[in-house]
Structures are given as C-alpha cells and as structure tokens.
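The values are calculated or read from the model by the stated rules, or taken from the named source; none is laboratory data. As the structure is a computational prediction, the values presented were derived from the model and not from experiment. So basically every Cβ, Gly included, is an ideal-geometry build from the backbone, and we count neighbours across all protein chains shown.
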Amino acid sequence: MRFVAFALLLALVALPLAVLPSLPLAWLAVPGFIIGVVGVIALSVPLVTAGAALALIEYTLALTITKTPVDVVTAAGFGAAVFLLLQLVHFAGRVHGATIGSAVIASQIRHWLAIVGIASAVTIVLTIGAPAVRLALTGVPLPLVVVAGALGALVTIGGVIALARR
C-alpha cells in the first residue's frame, strides 16, 4: 500500500512541475514531497495532508504564474489523487500489521472509487452549471456572494463530518 501512496504523492508533486518547470516551484515541491514521504512511511495522515497541501499550493502557483486556464479534468484528477492518497494512508495506518483478505481490500477500493465517481459527477454538474450561476449572480454585491460561499463551505464540511462519524 505504501508503494501506491508514494506513487500518488509523486504524481501530485510532479504535476505542477510539468505545468511550469521552475526553481521556485521546486522549492515547494521538495519539502512537500519530503513531508509526504515521511507521512507515508510513518502512516501519518496529518503529515501526508501537509505534503498534499503543499502540492496543491504548488499547482495553484504554477497555474497562476503561467496564466493557464484551469483544466477541470486535470483539477478533478488532482483532487481525486489527494483523496485516494489520504484514504490509502489512513487505511494502511488502521490495518498496519494485520492480515487483510483480498475481499476486504477489493471492497475498500470499490468504496473509494465510488466516492471519486460521485465527486467527479458533481464536478461536471457544477462546471456545466457555472455559467447559469454567473448569470444569476450578476449585480449581486460581492460580500453577499462571499458570505453565501462561506456558508456553503460550512454546510459541506458539516456534512462530511457527519458522514465520517457514521
């Protein structure tokens, strides 16, 4: 499992460097990769999260510097890779040292892929619906849009926490 986690981490750190190979991005990539590798070795979700967050910052900087428009498919793939990395390290930490049957692993992989599929479908729907939302929000004051977005994020986080506690 650690090998797959290393591969996902490497892909997350390397993607921004593929967008813009530069020394400033490497300054973010190297610490992010090192922190993530330590997290994978120690099966520490917080360290892997920190490494993935640095990779996300690196990706954002690469897109900002190059002024490249965001590719929804690549961004969704990046998000799916972060999700799978965190889930994989969490699962490996929980079952470390235990013998796991192939049926359990297959069930877990199906569960993760179902979540990635649902998230991808939501991404597609939101991407298609964005122009309609833009038209609906024309003329609305920016602070109201920001407050509505923050409330939406808060409700989403609450829903994720409620799902995780089940």
TODO: Name the residue, out of G97, G117, G139, that is part of a helix (DSSP H, G or I) and not hydroxyl-bearing (S, T, Y).
DONE: G117
TODO: Identify the residue in region 118-135 that is surrounded by 10 or more Cβ atoms within 10 Å (Cβ to Cβ) and small (G, A, S) and, among all such residues, is nearest to F83 (Cα to Cα).
DONE: A119
Task: Whichever residue in region 106-143 is of a type in the set (V, I, T) and touching a helix residue (DSSP H, G or I) at 6+ places or on another chain (Cβ under 9 Å) and, among such residues, is farthest from V160 (Cα to Cα) - done: V140
Open item on the list: Quick test of your reading of the structure: V40 fulfils all but one of (1) in contact with a Lys or Arg (Cβ under 6 Å, 6 or more places away or on another chain); (2) farther than 17 Å from L84 by Cα. Name the failing condition by number.
Closed with: (2)
- [ ] Consider P46 carefully, then state whether it is out of contact with any strand residue (DSSP E or B) (no Cβ under 9 Å at 6 or more places or on another chain) and at pLDDT below 90.
- [x] no
- [ ] Return the residue satisfying two criteria in turn: it lies in region 1-39 and is of a type outside the set (A, V, I, L, M, F, W, C) and either under 18 Å from the mean Cα position of the chain (by Cα) or assigned to a helix (DSSP H, G or I) (or both), and of such residues it is farthest from L54 (Cα to Cα).
- [x] R2
